[in-house]
1. With angles folded into 0 to 90 degrees, how steeply does helix B:123-145 sit against the dominant principal axis of chain B? Use alpha carbons for both and round to 10.
2. As a test of the formula, what do you get for chain B when each DSSP H run with n ≥ 4 contributes -39,500 (n - 2.57) and the sum is divided by the residue count, at 222 nm and rounded to the nearest 500 deg cm²/dmol?
3. For each of B:Val239, B:Val46, B:Val154, count neighbouring Cβ atoms within 10 Å of the residue's Cβ, then give the residues from fewest to most.
4. How much length would be gained if the chain were fully extended between B:His145 and B:Met55, taking 0.36 nm per residue of separation minus their Cα-Cα distance, in nm to one decimal?
5. What helices does chain A have that are whole DSSP H segments, at least 30 Å long along their own axis by Cα, and with mean Kyte-Doolittle hydropathy of 1.6 or more?
6. I need to check one value: relative contact order of region A:3-73, counting alpha carbon pairs closer than 8 Å and at least 6 residues apart, in percent.
7. Principal axis extents for the protein assembly as shown, Cα atoms only, whole Å, descending order, please.
8. Within 10 Å of each Cβ of A:54-67, how many other protein chain Cβ atoms are there on average?
Amino acid sequence: MEAEAAKYIGAGIACIALAGAGMAIGTIFGNFLAGALRNPSAAQSQFPNLLLGFALAEATGLFGLIIALILLFVV
Amino acid sequence: MAGSSEGGAGIDPMHQFEVHPIVELPALAGIDTSFTNSSLWMVLAVGLSGLFLLMASSRSALVPGRLQLMGEMAYGFVANMVKENVGTEGMKYFPFIFSLFMFILFCNMLGMLPYSFTVTSHLIVTFALAATVFLLITGVGFARHGIGFLKLFVPSGIPAILLPLLVVIEVISYLTRPVSLSVRLFGNMMAGHTMLKIFGGFVVGLGSAGLVPLAIAPFALMVAFTGLELLIAGLQAYVFTILTCIYLNEAIHMDH
């Protein structure tokens, strides 16, 4: 296999990391909604935690995306 | 950089991230000191945020006007964040955290203007910010607790046999903080702007191919994504700031 082709395949595989981020973000917002509908009065105070969890989960997926971009544009 | 030309529409989504000098300056000790478009937008972000706060606070009235209200909301938002996450001792570091928040917010928001340059979509810029935060917080920790700050890496209530493993994990997770902090901001901004350019390419490509009715779908998506990007621009500034607060709280109070 040519090195150029392997590079593109590797970049594609690295993007699979974003599937994990998608699941994590869905879990966080889904669980927040489930909790918020049970106890709406407590939901507002937990909003910062929701955004924090969202950001932490998203970051792990973005690491994969960075690997893909490094493969595409740097290597 | 192997900026491969994207086929079809001929629009390179990475072109928007290119740094090019506006005023060429002589290299200083091997370092290129040219005034680039990146520098220009950083200066603009600092200037506009400073101007905004100066104008908001210049004619302070008991019943605030629109501008004063916006300035007070920004101040109150960050002040609340620091008080809730670090406590009143953290207010000593409020000027730093507030400047950090305003700078990142203005860089992100200015990047949403068409034909502008997003400063925070470059890893070196966000890493410099994150490294500043990391060094400051490590410095604060050692200044307040001396060598006892190293106890941060030794979790309490753990069986002795697990301790060596956990200490290594804690040290690694502490050292990757600046990386994750900078990559989060950089990745969000760069991925979002690339996506906008790619969908913009769809609109232009379909339109120039004479398929104008088909171009409506990606155009509608573009509008929606622009709204989403505005949300992300604010959210990432918030996340960067709140994580700084959380790390600072750990360094000051050292509770697990």
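1. Roughly 10 degrees, rounded to the nearest 10.
2. Numbers: 7 runs with 167 residues, N = 256.
So the helix-based figure for chain B works out to -23000 deg cm²/dmol.
3. Details: B:Val239 24, B:Val46 15, B:Val154 12.
If I rank by nearby Cβ atoms, fewest first, I get B:Val154, B:Val46, B:Val239.
4. Extending this stretch completely gives an extra 28.3 nm.
5. Values: long enough: A:17-38 (32 Å, 1.27); A:47-73 (37 Å, 2.06).
Membrane-span-like by this criterion, though nothing is claimed about a membrane: A:47-73.
6. Details: 56 pairs, mean separation 41.7, N = 71.
Relative contact order, region A:3-73: 59 percent.
7. Result, largest extent first: 65, 62, 61 Å.
8. On the way: counts 2, 11, 4, 0, 8, 10, 3, 2, 9, 5, 1, 6, 6, 0.
Per-residue shielding by partner chains comes out at 5.
Where a number appears in this text, it was derived from the coordinates with a stated rule and is not lab data. Owing to the predicted nature of the structure, the values given are computational and were not obtained by experimental measurement. A quick note on method: Cβ atoms are made from the backbone with ideal geometry, for glycine too, and the neighbour counts reach across all protein chains shown.
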